[in-house]
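Trainee: Here it is, the structure in full.
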């Protein structure tokens with residue numbers, strides 16, 4: 001068997017076998033077969049209803065994947081190409097081998113192809129590269145979806161996408177399938193009034209979707225079997241206005257119309273629920289008088305559950321089913337907002353299982369996973385109702401205690417957890433004991449941001465470890481320099497900038513292709529005369545709360561550009577430096593003037609400066625687009641930071657003038673052990689590459705993570721594996737070494 005045939009789908013193998021039986025030469029370019037111009041005109045006339053709506057949806061598809069070279073092809077039920085539009089280069093190469101409107105694309109003429117197979121199987125089909133039988137198509141990826149509509153009889157055909165092999169993606173087949181479904185639905189909705197009366201039985205009963213028609217009194221005059229199964233309603237029955245669908249139908253009689261309204265439909269007889277997209281229009285006679293209404297229901301329950309499952313996996317641990325790290329971070333933000341409004345308080349517990357690695361290595365990872373599940377169950381059963389339990393990854397769990405009465409309640413729960421672990425765990429008749437170390441931090445209205453809150457719990461947890469494990473420690477401000485007097489903070493920050501107590505550390509960003517440094521991220525550090533080196537997680541939240549974040553942003557911008565000029569004058573290799581913008585910086589159009597002034601002052605090439613913004617800053621889409629366009633005109637690069645932790649809309653990936661996307665470290669942490677994180681990262685990388693953007697992964701700490709990301713064709717990475725944030729002297733030594 002040919003090497004390329006070893007893993008081919010059955011329908012591809014069957015097609016290629018038919019081609020062999022026909023004696024077709026696999027290496028010969030087939031001679032094209034055409035219908036006459038008159039026959040083509042007649043075919044186009046027969047498919048007029050399709051083309052009446054086709055151009056609109058074709059334009060939508062081209063806009064959805066702008067920048068991806070591909071063509072759209074429409075064929076009739078005899079595999080004759082009726083229309084080709086899209087990328088000029090692909091059209092030209094197709095035309096050179098005789099593929100144009102009027103070409104017949106049957107299997108016995110051009111060999112294995114997606115159009116013929118889709119019509120044979122009546123289902124979406126993709127044919128990629130060497131799956132084609134003839135050589136002229138082997139450098140293409142082709143996707144075909146069959147369609148059906150009514151126009152003086154049933155008309156069938158296909159709509160197809162063809163692109164270069166390098167741009168192959170299963171997403172294209174999914175998007176094309178959605179477009180074809182939309183076209184079929186639009187054609188069905190255009191059959192109204194007199195045409196609906198004429199074709200009513202044919203259209204309604206043959207449709208894949210639910211359809212019903214009511215008269216002006218609300219009586220159901222027509223309803224197909226699918227709509228009956230969804231609603232439990234029958235013909236001549238009056239609609240139930242107490243149900244959501246009945247309310248929609250009543251509003252149609254008031255002259256309203258609906259398109260793609262998401263409706264939960266309940267069968268009144270069986271109780272079965274269906275998620276549907278509802279389209280509806282009022283019906284009028286020739287004199288403009290209301291005669292009734294028509295409704296169309298498309299069952300999207302499976303799609304809805306897939307979406308719900310995806311959202312669930314993004315915020316839940318796959319092993320224990322508990323909310324995960326991202327869910328914890330989101331919950332903390334919500335709790336903080338509540339506390340500010342209600343003057344409340346909460347406590348965070350960080351649990352780390354003692355000696356878990358030793359136990360895991362001893363009893364095996366499968367039993368170690370079982371143990372983590374049992375710990376989650378035991379904690380869930382013990383904790384009171386006003387707590388929330390999360391698994392952070394590995395052997396760490398966190399708990400949020402809401403609105404506790406007093407400190408005694410906080411400590412009582414911690415003591416109860418310690419006692420809870422005194423009961424042994426039994427696996428396969430093997431009994432063993434384990435313990436946990438707990439760090440506890442309390443948050444009240446008026447305190448600092450939630451990320452430092454977790455870090456304080458982390459500090460306390462390690463104090464518990466140092467004290468001999470199997471214990472809990474309440475965070476004490478004397479443990480480390482985490483809290484400052486807020487009243488003096490602003491003045492101290494100004495003084496720090498004036499006296500060079502603030503400095504930039506630089507973390508290398510590395511190409512996964514050649515392992516070379518392609519950029520640096522500038523990160524702020526504060527050499528406090530009393531507390532020593534203070535990290536950004538303590539500086540930035542307080543600066544934002546006090547409204548002095550712009551001072552910090554101005555300092556970083558000036559310092560980074562000044563350093564770029566210094567390196568340029570000393571002959572170091574040109575290096576891109578990325579700086580983080582605060583919400584206050586980005587959401588003000590003053591940032592454009594500041595960047596322009598800095599570039600001019602230090603004579604910096606604009607492409608050497610990259611500005612990082614978070615997803616949350618881009619939620620005001622119109623303002624964000626305006627600011628980013630102005631920044632792009634300056635020539636600087638723009639990156640979306642911490643992708644996946646915000647609202648993650650594909651809309652801004654398509655519309656925002658960005659150059660690079662940074663995958664958040666929370667996805668990278670467990671990429672080698674969590675299939676959901678791995679699948680999410682793979683999908684992000686694939687989508688970003690289709691959109692011709694660059695992608696960089698944050699938080700890469702091991703060679704295994706770097707190798708895995710490289711296998712997914714991730715462009716760049718940064719993290720402790722490649723280098724921690726370094727002071728100026730160390731990063732210069734590294735850059736000189738590369739020079």
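The values are calculated or read from the model by the stated rules, or taken from the named source; none is laboratory data. Here the structure is a predicted model, which means the values were calculated and not measured. With ideal geometry, Cβ positions are generated from the backbone for all residues, glycine too; neighbour counts draw on all protein chains shown.
Trainee: Mind checking which strands (runs of 3 or more DSSP E) fall wholly inside segment 387-470 and carry at least 3 residues that are touching a helix residue (DSSP H, G or I) at 6+ places or on another chain (Cβ under 9 Å) and on the phi < 0 side of the Ramachandran plot?
Mentor: Those strands (runs of 3 or more DSSP E) span 387-393, 396-402, 436-444.
Trainee: Is at least one residue of segment 508-528 on the phi < 0 side of the Ramachandran plot, modelled with pLDDT under 90 and either assigned to a helix (DSSP H, G or I) or outside the structural domain of residue 609 (by TED's automatic domain parsing) (or both)?
Mentor: The answer is no; no qualifying residue exists.
Trainee: Would you mind telling me which numbered condition in (1) within 30 Å of residue 691 (Cα to Cα); (2) part of a helix (DSSP H, G or I) residue 99 fails?
Mentor: (2) is the only condition that residue 99 fails.
Trainee: If I filter segment 113-159 down to residues being within 17 Å of residue 100 (Cα to Cα) and assigned to a helix (DSSP H, G or I), which single residue comes out as farthest from the chain's Cα centre (by Cα)?
Mentor: 136
Trainee: Spot the failing condition for residue 17; the list is (1) over 16 Å from residue 116 (Cβ atoms); (2) assigned to a helix (DSSP H, G or I), and only one is missed.
Mentor: Result: residue 17 fails condition (1) only.
Trainee: Just to check your reading of the model, which residue among 189, 172, 176 is under 20 Å from residue 94 (Cα atoms), touching a strand residue (DSSP E or B) at 6+ places or on another chain (Cβ under 9 Å), in a helix (DSSP H, G or I) and in contact (Cβ under 8 Å) with a residue 24 or more places away in the chain?
Mentor: Of 189, 172, 176, the one residue that is under 20 Å from residue 94 (Cα atoms), touching a strand residue (DSSP E or B) at 6+ places or on another chain (Cβ under 9 Å), in a helix (DSSP H, G or I) and in contact (Cβ under 8 Å) with a residue 24 or more places away in the chain is 172.
Trainee: Looking only at residues in segment 656-673 that are assigned to a loop (DSSP other than H, G, I, E, B) and in contact with a strand residue (DSSP E or B) (Cβ under 8 Å, 6 or more places away or on another chain), which one is nearest to residue 320 (Cα to Cα)?
Mentor: Across segment 656-673, the extreme among qualifying residues is 670.
Trainee: Residues in segment 50-67: is at least one outside any helix (DSSP H, G or I), in contact with a helix residue (DSSP H, G or I) (Cβ under 9 Å, 6 or more places away or on another chain), surrounded by 14 or more Cβ atoms within 10 Å (Cβ to Cβ) and at pLDDT 90 or above?
Mentor: Looking through segment 50-67, none of the residues is outside any helix (DSSP H, G or I), in contact with a helix residue (DSSP H, G or I) (Cβ under 9 Å, 6 or more places away or on another chain), surrounded by 14 or more Cβ atoms within 10 Å (Cβ to Cβ) and at pLDDT 90 or above.
Trainee: For residue 160, all conditions in the list (1) touching a helix residue (DSSP H, G or I) at 6+ places or on another chain (Cβ under 7 Å); (2) free of Cβ contacts under 8 Å to residues at least 60 places away in the same chain; (3) closer than 23 Å to residue 52 by Cα hold save one; what is the number of the exception?
Mentor: Checking residue 160 against (1) touching a helix residue (DSSP H, G or I) at 6+ places or on another chain (Cβ under 7 Å); (2) free of Cβ contacts under 8 Å to residues at least 60 places away in the same chain; (3) closer than 23 Å to residue 52 by Cα, the one that fails is (2).
Trainee: It is to be established whether one or more residues within segment 370-377 are touching a strand residue (DSSP E or B) at 6+ places or on another chain (Cβ under 8 Å) and within 22 Å of residue 452 (Cα to Cα).
Mentor: Scanning segment 370-377 turns up no residue that is touching a strand residue (DSSP E or B) at 6+ places or on another chain (Cβ under 8 Å) and within 22 Å of residue 452 (Cα to Cα).
Trainee: Now for a separate question. Could you list, in sequence order, all residues of segment 327-342 that are closer than 23 Å to residue 665 by Cβ and without any contact (Cβ under 8 Å) to a residue 40 or more places away in the chain?
Mentor: If the condition is that a residue be closer than 23 Å to residue 665 by Cβ and without any contact (Cβ under 8 Å) to a residue 40 or more places away in the chain, then 330, 334 are the ones that fit.
Trainee: Can you pull out every residue in segment 707-739 that is under 16 Å from residue 694 (Cα atoms) and surrounded by 13 or more Cβ atoms within 10 Å (Cβ to Cβ)?
Mentor: Selection gives 709, 710, 712, 713, 714, 715, 716, 717, 718.
Trainee: Could you please find all residues in segment 305-326 being touching a residue at least 24 places away in the same chain (Cβ under 8 Å) and under 16 Å from the mean Cα position of the chain (by Cα)?
Mentor: 313, 314, 326 - these are the residues of segment 305-326 that are touching a residue at least 24 places away in the same chain (Cβ under 8 Å) and under 16 Å from the mean Cα position of the chain (by Cα).
Trainee: Considering only segment 493-514, how many residues are out of contact with any helix residue (DSSP H, G or I) (no Cβ under 9 Å at 6 or more places or on another chain) and under 30 Å from residue 714 (Cα atoms)?
Mentor: Of the residues in segment 493-514, 3 are out of contact with any helix residue (DSSP H, G or I) (no Cβ under 9 Å at 6 or more places or on another chain) and under 30 Å from residue 714 (Cα atoms).
Trainee: State yes or no: is residue 704 free of Cβ contacts under 8 Å to residues at least 40 places away in the same chain, surrounded by fewer than 18 Cβ atoms within 10 Å (Cβ to Cβ), over 25 Å from residue 170 (Cβ atoms) and in the same structural domain as residue 671 (by TED's automatic domain parsing)?
Mentor: Considered against the rule, which asks whether it is free of Cβ contacts under 8 Å to residues at least 40 places away in the same chain, surrounded by fewer than 18 Cβ atoms within 10 Å (Cβ to Cβ), over 25 Å from residue 170 (Cβ atoms) and in the same structural domain as residue 671 (by TED's automatic domain parsing), residue 704 comes out as yes.
Trainee: Failed condition for residue 287, given (1) free of Cβ contacts under 8 Å to residues at least 60 places away in the same chain; (2) surrounded by fewer than 16 Cβ atoms within 10 Å (Cβ to Cβ); (3) closer than 18 Å to residue 214 by Cα, with all others met?
Mentor: Condition not satisfied by residue 287: (3).
Trainee: A follow-up question, please. Please work out which residue is surrounded by the fewest Cβ atoms within 10 Å (Cβ to Cβ), limiting yourself to segment 510-524 and to residues that are touching a residue at least 40 places away in the same chain (Cβ under 8 Å) and more than 19 Å from residue 613 (Cα to Cα).
Mentor: 516
Residue by residue, here is whether (1) at pLDDT below 95; (2) touching a helix residue (DSSP H, G or I) at 6+ places or on another chain (Cβ under 8 Å); (3) in a loop (DSSP other than H, G, I, E, B); (4) in the same structural domain as residue 668 (by TED's automatic domain parsing) holds:
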| residue | (1), (2), (3), (4) |
| --- | --- |
| 559 | yes, no, no, yes |
| 593 | yes, no, no, yes |
| 612 | yes, no, no, yes |
| 624 | yes, yes, no, yes |
| 627 | yes, yes, no, yes |
| 639 | yes, no, no, yes |
| 647 | yes, yes, yes, yes |
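Trainee: Can you report the number of residues in segment 572-599 which are free of Cβ contacts under 8 Å to residues at least 40 places away in the same chain and farther than 24 Å from residue 549 by Cβ?
Mentor: 1
Trainee: Using the structure shown, decide if residue 258 is closer than 17 Å to residue 215 by Cβ and without any contact (Cβ under 8 Å) to a residue 60 or more places away in the chain.
Mentor: When the stated conditions are applied, residue 258 does not pass them.
Trainee: Further question: Please pick out the residue among 149, 105 that is at pLDDT 90 or above and under 26 Å from residue 52 (Cβ atoms).
Mentor: 105
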